[in-house]
Amino acid sequence: PNSQLIKTVTFNKPFDMLKAQAAKAPNMIDRFDAIVAINAENFLVKKDLLIDLLKNEKFFGCRAEIAKQLVNKIDSIDMTTVQLLINDKHVKVRLSVIENVKDIPSAFIPVFEKLLTDSSYKVVEESLNKLVKQNPAETHQYLNTTKNDVGVGSAVKVKWLEIACSFEADKSYLPELIARSSNEYEFRTRSAAFEALKRLNYLDEKVAINLMDAITHFN
């Protein structure tokens, strides 16, 4: 119980045992271990259990793992379950949803769009990136919704500028993105800007100068 011994264990428990452990073990780590082990089970076998666990589990780490497994088969779950995931009170659960969902069914897109106004900048960044790829026709609206978000290390703003540069024919946002790769900004912003420019396959004299300057940076 509680994984109190430092150890390596190979114990292939049957599903019924894992089910009981995930639902009833008093210690969080034991429930978490069981939920992780359930990942190997057929989705139709574990689906109802995962949904029940989602409703009753108190620890966010367990709910985040449940969310990961559910959204991997999002075509097989209903709107009520999706809304439970999207509206979870803990950011780690909502982040697990948007990071692990592969293709968002069209019926669920309006629910996922709520994450663009999430309290977590990381959730906003991931949601903007995924929704634009999933539903490019609404890119302008998604950019408008998130235009005032900056994020830690300008992560949301850099992603916003990258997407805007990809979809705006006149590249009017490119100078702002290039500026964020300069020594006027701290290293996290600069690193994110360089990565965005690389994905855009863009290099000019200003970017080259900023890259050379970055070589001598302490970080």
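Computed over protein heavy atoms with a 1.4 Å probe, the accessible surface of the chain works out to 57 Å² per residue.
Which of the chymotrypsin sites (Phe, Trp or Tyr not before Pro) found in the range 123-219 are in a DSSP loop and have at most 11 neighbouring Cβ atoms, other than their own, within 10 Å?
218
Loop-located chymotrypsin sites (Phe, Trp or Tyr not before Pro) in the range 1-103 (DSSP state other than H, G, I, E, B) with a sparse environment of at most 10 neighbouring Cβ atoms within 10 Å: 11. Mind checking the angle between helix 91-100 and the chain's longest principal axis? C-alpha axes, 0 to 90 degrees, to the nearest 10. The angle comes out near 80 degrees. Name the most mobile residue of 19, 206, 47, meaning the one with the largest mean-square fluctuation, in a Gaussian network model of the chain with Cα contacts below 10 Å. Top of the fluctuation ranking is 206. Which entry is the computed Cα extents along the principal axes in Å for this structure: [x] 58, 42, 28; [y] 53, 39, 27; [z] 63, 43, 26? Answer by label: [z].
For the range 108-202, the list of trypsin sites (Lys or Arg not before Pro) that fall in a loop by DSSP and count at most 13 other C-beta atoms within 10 angstrom reads 147, 171. How much of the accessible area of the chain, in percent, comes from carbon and sulfur atoms when a 1.4 Å probe is used? Within the chain, the accessible surface is 52 percent carbon and sulfur. Once the Cα atoms are used to define both axes, helix 205-215 deviates from the longest principal axis of the chain by about 60 degrees.
Counting only lysines at least 8 places from residue 206 when in the same chain, those with an alpha carbon closer than 27 Å to its own are 147, 157, 159, 171, 198. Taking the longest Cα principal axis of the chain as reference, the axis of helix 155-167 is set at about 70 degrees.
The values are calculated or read from the model by the stated rules, or taken from the named source; none is laboratory data. Everything quoted here is computed from the prediction, not taken from an experiment. With ideal geometry, Cβ positions are generated from the backbone for all residues, glycine too; neighbour counts draw on all protein chains shown. What goes into the accessible areas is simple: the full protein's heavy atoms, side chains included, and nothing from ligands, DNA or RNA. Shrake-Rupley method; radii C 1.70, N 1.55, O 1.52, S 1.80 Å.
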